[in-house]
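Below is one structure, written out as structure tokens, with a few remarks after it.
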2 protein chains.
Amino acid sequence: MSSTTTNADELMKTRDKILLASLELFNEQGERNVTTNHIAAHLAISPGNLYYHFRNKSDIIYEIFQEYEKLVDYYLDIPDNRPLNLDDMTFYLESVFDGLWSYRFLHRDLENLLDRDQRLRTDYQRFTNRCLAAISRIFEKLADGGVLEPQPEALRAAMSLNVWLIVTNWMAFLKTAHAEKTSACMTLRELKQGIYQVLTLEIPYVMPAYREQVMELREKYRPMIPEQTGEPVDVVG
Amino acid sequence: MSSTTTNADELMKTRDKILLASLELFNEQGERNVTTNHIAAHLAISPGNLYYHFRNKSDIIYEIFQEYEKLVDYYLDIPDNRPLNLDDMTFYLESVFDGLWSYRFLHRDLENLLDRDQRLRTDYQRFTNRCLAAISRIFEKLADGGVLEPQPEALRAAMSLNVWLIVTNWMAFLKTAHAEKTSACMTLRELKQGIYQVLTLEIPYVMPAYREQVMELREKYRPMIPEQTGEPVDVVG
DNA sequence: GTATTATTAGAGTATATACTCTAGGGAGTC
DNA sequence: GACTCCCTAGAGTATATACTCTAATAATAC
């Protein structure tokens, strides 16, 4: 799965360059602020050229979304022949936030995107449901592995939804919570502080044997937003 | 605090009519899809008239935000001379979601709004911090009231943030999860299913004496989204 | 080489949108 | 009546943006 490498000007086909440049610009400036003319100008190609390769802007977005979908589905392919352990959980969390970071524009103006493209809406809905199911399965398998207490299905579903809400909206929170007007000033590391929030959610369900480890893991992602979290603390180290 | 009443054509001043109509249209169609010309047309006044009362669109939005801020601050004025009980908690949850509903357009395209108006950005940031502090104080006072287990401050802060994320993004989730393209098709009742999600978060911290009551309360807000929550269930009754 | 196809340039268009500008009406005051 | 002040109308503008169209060039097939 080659993706998210930045400079491969001469080597790539125009079509792929368009997709890549669009993703970059969308992520940096928001889809709303990036026009097809901008994309073309950024690549030093003509608008006509761009529209030769894509019928319209929605098609570009849709194709990028499909890449994202594939990536996350790949990450969230839960093995069902064995229980999950703490390393698995860490991997899932890290992976999901990596994916979120690479395609972060998608979650920014999602509602408008879905309003303007029905395909995207139905696909995204299915995608959400797959993710929710995957999260729930992760909880289940973590319980099998003795990491978390086993929970009734209904509770797992509600918890999964909470995890989903936190994961998909942590970035938006960061952007709105930052005082700086430049919303580009966010790092992957900051984004991953969302893991701290997810782990906060899980704390009460962690089995005593793993409590200490989970708390240590969680501490690694501790946010350092001075205003609300009390004392700022060094992160990751 | 009079607000969100619909028809008061002859009685109101043009300025207030503009604010009210803007709020309505923004909520129904999204700020992005409502132009100043639309607002004027909706009120059967001229664009010039609108711009006589407001310098620009941002000023309209900013003023509406200030109303919202006032409303929520009013709701979240936590008494500090007594502990809180379950009724208090219900009131806070209901009130917050009511406010969210009345000004729901604000949380839809928030990032773009903040990008385009620095006043709004700083105000919103302070607002967020006030809300987080209020949520944390509610947890604290609920512990004082014996409803929740007492928690260390750091955990309360992280939990408050999770509650904030769930509350402010529940609506966006509903809109994206619904298959229908018309994002207007959402009801206050559906929105309040977010309370179910918030209560899910609190479950592990509820003191045994209140567990049953909280679970009953929670059941009243149970979502009935067929696809992912398993069996659809009748709500509120 | 020639025919065909794939790709590209770049000027151009239709539409939208936030906002301006000028002119004037209506009500109160002297 | 004239002056003033608040309010309103409505045509108009500058700019942006998604997208089109034609013609030309490169690549490929035969």
Restricting to region B:135-147, name every residue that is open to solvent by less than 30 Å² (accessible area, probe 1.4 Å) and either outside the structural domain of B:MET215 (by TED's automatic domain parsing) or within 19 Å of B:ILE166 (Cα to Cα) (or both).
B:ILE135, B:SER136, B:ILE138, B:PHE139
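I'd like to verify a number: residues in region A:13-24 that are surrounded by 16 or more Cβ atoms within 10 Å (Cβ to Cβ) and either in the same structural domain as A:LEU120 (by TED's automatic domain parsing) or away from DNA strand D (no atom under 13 Å from the Cβ) (or both), how many?
At the first step, the residues of region A:13-24 found to be surrounded by 16 or more Cβ atoms within 10 Å (Cβ to Cβ) are A:17-24.
When the remaining residues are screened for being either in the same structural domain as A:LEU120 (by TED's automatic domain parsing) or away from DNA strand D (no atom under 13 Å from the Cβ) (or both), the result is A:17, A:19-21, A:23-24.
Residues flagged as surrounded by 16 or more Cβ atoms within 10 Å (Cβ to Cβ) and either in the same structural domain as A:LEU120 (by TED's automatic domain parsing) or away from DNA strand D (no atom under 13 Å from the Cβ) (or both) within region A:13-24 amount to 6.
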Is it true that A:ARG126 is touching a residue at least 40 places away in the same chain (Cβ under 8 Å), facing chain B (nearest Cβ under 10 Å) and open to solvent by 20 Å² or more (accessible area, probe 1.4 Å)?
no
Limited to region B:100-129, what total is found for residues that are closer than 15 Å to B:MET186 by Cβ, touching a Gly at 6+ places or on another chain (Cβ under 9 Å) and in a helix (DSSP H, G or I)?
2
Of the numbered conditions (1) within 14 Å of chain B (Cβ to nearest Cβ); (2) within 16 Å of DNA strand D (Cβ to nearest atom); (3) of a type outside the set (Lys, Arg); (4) surrounded by 16 or more Cβ atoms within 10 Å (Cβ to Cβ), A:GLN118 fails exactly one; give the number of that condition.
(4)
So, of the residues in region B:100-114 that are surrounded by fewer than 20 Cβ atoms within 10 Å (Cβ to Cβ) and over 16 Å from B:ASN33 (Cα atoms), which turns out to be nearest to the other protein chains (Cβ to nearest Cβ)?
B:TRP101
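When you scan region B:80-88, do you find a residue that is over 19 Å from A:THR176 (Cβ atoms), within 14 Å of chain A (Cβ to nearest Cβ) and in contact (Cβ under 8 Å) with a residue 24 or more places away in the chain, even just one? Please lay out each step first, then the result.
Going residue by residue through region B:80-88, those that are over 19 Å from A:THR176 (Cβ atoms) are B:80-88.
Next cut, within 14 Å of chain A (Cβ to nearest Cβ) only: none.
The answer is no, given that none of the residues of region B:80-88 is over 19 Å from A:THR176 (Cβ atoms), within 14 Å of chain A (Cβ to nearest Cβ) and in contact (Cβ under 8 Å) with a residue 24 or more places away in the chain.
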Need the failing condition index for B:MET89 against (1) at pLDDT below 95; (2) within 22 Å of B:THR128 (Cβ to Cβ), just the number.
(1)
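Taking helices (runs of 4 or more DSSP H) that fall entirely within region B:30-89, which contain at least 1 residues that are within 25 Å of the chain's Cα centre (by Cα)? Lay out the reasoning, then the answer.
On the way: elements: B:36-43, B:47-53, B:57-75.
Passing ranges, in order: B:36-43, B:57-75.
Each row is one residue, and each column tells you yes or no for (1) in the same structural domain as A:SER160 (by TED's automatic domain parsing); (2) hydroxyl-bearing (Ser, Thr, Tyr).
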| site | (1), (2) |
| --- | --- |
| A:GLY48 | no, no |
| A:LEU71 | yes, no |
| A:ARG82 | yes, no |
| A:ASN85 | yes, no |
| A:SER95 | yes, yes |
| A:LEU106 | yes, no |
| A:ARG119 | yes, no |
| A:TYR124 | yes, yes |
Would you point out which residue out of A:ASN37, A:ASN56 is within 16 Å of DNA strand C (Cβ to nearest atom), in contact with a helix residue (DSSP H, G or I) (Cβ under 7 Å, 6 or more places away or on another chain) and not basic (Lys, Arg)?
A:ASN37
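Taking A:ALA133 as the residue in question, decide whether it is in a helix (DSSP H, G or I), out of contact with any Gly (no Cβ under 7 Å at 6 or more places or on another chain) and small (Gly, Ala, Ser). Give the derivation first.
Values: in a helix (DSSP H, G or I): yes; out of contact with any Gly (no Cβ under 7 Å at 6 or more places or on another chain): yes; small (Gly, Ala, Ser): yes.
When the stated conditions are applied, A:ALA133 passes them.
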What's the number of the only condition in (1) within 15 Å of DNA strand C (Cβ to nearest atom); (2) within 23 Å of A:LEU188 (Cβ to Cβ); (3) open to solvent by 10 Å² or more (accessible area, probe 1.4 Å) that A:ASN27 fails to meet?
(1)
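What's the total number of residues in region B:79-99 that are touching a Gly at 6+ places or on another chain (Cβ under 7 Å) and open to solvent by less than 20 Å² (accessible area, probe 1.4 Å)? Steps first, please.
First, the residues of region B:79-99 that are touching a Gly at 6+ places or on another chain (Cβ under 7 Å): B:83-85, B:97.
Narrowing the set further to residues that are open to solvent by less than 20 Å² (accessible area, probe 1.4 Å) leaves B:84, B:97.
The total comes to 2.
Only one of these is out of contact with any Asp or Glu (no Cβ under 6 Å at 6 or more places or on another chain) and open to solvent by less than 10 Å² (accessible area, probe 1.4 Å): B:LEU43, B:LEU50, B:LEU76. Name it. It would help to see each step written out before you state the result.
On the way: B:LEU43 fails: open to solvent by less than 10 Å² (accessible area, probe 1.4 Å); B:LEU76 fails: open to solvent by less than 10 Å² (accessible area, probe 1.4 Å).
After ruling out the rest, the residue left standing is B:LEU50.
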Scanning region A:144-169 residue by residue, the ones that are more than 7 Å from chain B (Cβ to nearest Cβ), in contact (Cβ under 8 Å) with a residue 24 or more places away in the chain and in a helix (DSSP H, G or I) total 6
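Here are some residues: B:GLU180, B:GLU140, B:GLU190. Which one is assigned to a helix (DSSP H, G or I), within 23 Å of A:HIS107 (Cα to Cα) and of a type in the set (D, E, K, R)? Explain how you work it out, then say what you get.
Values: B:GLU180 fails: assigned to a helix (DSSP H, G or I); B:GLU140 fails: within 23 Å of A:HIS107 (Cα to Cα).
Selected residue: B:GLU190, the only one of B:GLU180, B:GLU140, B:GLU190 that is assigned to a helix (DSSP H, G or I), within 23 Å of A:HIS107 (Cα to Cα) and of a type in the set (D, E, K, R).
The values are calculated or read from the model by the stated rules, or taken from the named source; none is laboratory data. All values derive from a computational prediction rather than experimental measurement. Counting neighbours? That spans all protein chains shown, and the Cβs are built from the backbone with ideal geometry, glycine included. Heavy atoms of the whole protein, side chains included, go into the accessibility calculation; ligands, DNA and RNA do not. Shrake-Rupley method; radii C 1.70, N 1.55, O 1.52, S 1.80 Å.
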